[in-house]
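Notes to accompany the following structure.
The values are calculated or read from the model by the stated rules, or taken from the named source; none is laboratory data. For clarity, every value in this text was computed on a predicted model and none was experimentally measured. Here the Cβ positions follow ideal geometry from the backbone for every residue, glycine too, while neighbour counts run over all protein chains shown. Surface accessibility is based on the protein's heavy atoms, side chains included, excluding ligands, DNA and RNA. Shrake-Rupley method; radii C 1.70, N 1.55, O 1.52, S 1.80 Å.
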Amino acid sequence: YCVFAAGYINNIIIFNNIVKDHFKHLEIIFKLFKNINLNITPKKLFITYPFIRLLNYCMDSLSIATITDCIVAIRNI
């Protein structure tokens with residue numbers, strides 16, 4: 001799973017550049033959770049977001065930066 005997913009405490013990020021692969025990897029993780037009886041909170045579930053904020057970081061397909069770095073970058077546009 002480490003090729004397409006990363007975990008930290010109670011967060012899992014599944015990352016792909018190809019949507020078809022992303023859904024395949026989601027299915028793998030969801031089956032894994034089901035097999036070990038682990039529940040997912042729907043309101044905390046973000047699927048196919050091109051940009052997310054998590055654990056004081058901004059993440060997209062090209063980079064990971066702190067929230068502060070993102071704010072500075074936006075102000076400089």
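Here the strands (runs of 3 or more DSSP E) wholly within the stretch 19-77 that include at least 3 residues being open to solvent by less than 100 Å² (accessible area, probe 1.4 Å), within 18 Å of Gly7 (Cα to Cα) and out of contact with any Lys or Arg (no Cβ under 7 Å at 6 or more places or on another chain) are 51-54, 57-60. Among all residue pairs at least 6 apart or on different chains, which show Cβ distances below 8 Å where the first residue, located in the stretch 1-18, is farther than 16 Å from Ile64 by Cα and the second is modelled with pLDDT of 80 or more? Listed by first residue and then by second, the contacts come to Tyr1/Ile28; Tyr1/Ile29; Tyr1/Leu32. Give the residues of the stretch 7-18 that are open to solvent by 90 Å² or more (accessible area, probe 1.4 Å) and on the phi < 0 side of the Ramachandran plot, sorted by residue number. Of everything in the stretch 7-18, those that are open to solvent by 90 Å² or more (accessible area, probe 1.4 Å) and on the phi < 0 side of the Ramachandran plot turn out to be Tyr8, Asn10, Phe15, Asn17, Ile18.
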